[in-house]
Amino acid sequence: MNKKIVIAISREYGAGGKTIGEMLSEDLGIHYYDKELLKLASEESGINEALFNKADTKFTGSNLLHKIMKSIYKGELLSPEDNDFTSKENLFNYQAKVIQNLADAESCIIVGRCADFILKDYDNVIRIFLHAPESFRLEQAALRMSLPPDKLQKWVEKENASRAEYYKYYTGREWTDVRHFDLSLDTSRIGFEKCAELIKGYMKLKFEGLEF
C-alpha cells in the first residue's frame with residue numbers, strides 16, 4: 001500500500017469485527033490492533049497494563065449523563081505527579097495518544113476504543129460500523145462461548161450496552177449513529193468475506209490510485 005490508511009472499526013459483539021479486521025489485515029498486509037493497544041499504552045505511560053485491561057471498554061458509570069461533558073476526549077494528558085494520573089479518563093487519553101501515533105506512522109486496522117472519534121480530524125481514516133440482527137450475533141457468540149441460550153443472550157446484551165456507554169462517555173455521541181461513519185454494514189446480509197471486499201472497494205473509491 002503506497003499511502004498510510006487507517007481502518008477504524010466499531011462493532012457490535014457478534015457482528016464479526018475481529019474476523020473482518022483480521023481478514024483485511026491479511027489481505028492488505030497491514031497490522032491489526034486490538035488488545036495490543038493496551039500494551040502499547042502501558043509502555044507509553046508507564047502505567048501497569050493491568051489497569052488498562054480493567055478499564056478496557058467496560059465502563060458502567062453511574063449518573064452517566066452528568067459526567068459526559070467532563071469526560072469527552074480532548075487530548076489532555078496528566079503527569080505522573082497528578083492525583084488522577086491512573087484515572088480511567090487519563091488511561092483513555094494515553095490509549096488515544098497511541099492510536100494517533102499509529103495513524104501518523106503506518107497503515108493499520110484499529111478495532112474499537114473510539115478510534116473513529118479520536119481520529120475524526122484525520123483524512124486518511126476510513127470509519128466502519130459493523131452490526132447485525134440479534135439472532136445472528138447470538139449464533140456467532142455461541143461459537144465462542146458455551147453458555148445456555150438465556151445466559152448467552154444476557155451476556156451479549158450486557159457487552160453491547162457496555163460498549164455503547166463507553167463510547168458515549170468518551171465521545172458524547174451515540175454509538176449507533178451511522179452519520180459519523182463512512183460505511184455501516186449489516187454483516188449478516190452478505191457475510192464477513194464480502195464485507196471485507198466492500199471495505200476494500202470503498203478504500204479504492206475514496207483514495208483514488210490506491211494500490212494494494
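Where a number appears in this text, it was derived from the coordinates with a stated rule and is not lab data. Because the structure is predicted, anything quoted here is derived from the model rather than measured. Here the Cβ is made from the backbone with ideal geometry for all residues, glycine too, and neighbour counts use every protein chain on show.
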Determine the alpha carbon to alpha carbon distance for each of Lys74/Lys206; Lys39/Lys204; Lys4/Lys97; Lys74/Lys194; Lys39/Lys74; Lys3/Lys120 and list only those over 24 Å.
-> Lys74/Lys206; Lys39/Lys204; Lys74/Lys194
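With an 8 Å Cα cut-off and a minimum separation of 6 or more residues, compute the relative contact order for the stretch 6-206 in percent.
Values: 265 pairs, mean separation 75.5, N = 201.
About 38 percent, as a whole number.
Within 10 Å, count the other beta carbons around each residue, average over each peptide in 31-37, 97-103, and list them highest first. Write out the running numbers ahead of the final one.
Numbers: 31-37: 16.6, 97-103: 19.1.
Peptide ranking by packing, descending: 97-103, 31-37.
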Alpha-carbon Debye profile of the chain, log10 I(q)/I(0) at 0.08, 0.12, 0.13, 0.19 Å⁻¹ | -0.28, -0.64, -0.75, -1.48
Can you list the aspartates and glutamates whose alpha carbon is less than 17 Å from that of Lys154, not counting same-chain residues fewer than 8 positions off?
-> Glu12, Glu134, Glu139, Glu165
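Using only DSSP helix segments of four residues or longer, with each worth -39500 (n - 2.57), what per-residue ellipticity at 222 nm results for the chain after dividing by its residue count and rounding to 500?
On the way: 9 runs with 111 residues, N = 212.
Helix-only estimate at 222 nm: -16500 deg cm²/dmol.
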Among Ala96, Leu78, Tyr167, the residue whose Cα sits farthest towards the positive end of the charge dipole of the chain, when +1 is placed on the Cβ of each Lys and Arg and -1 on the Cβ of each Asp and Glu, is Tyr167
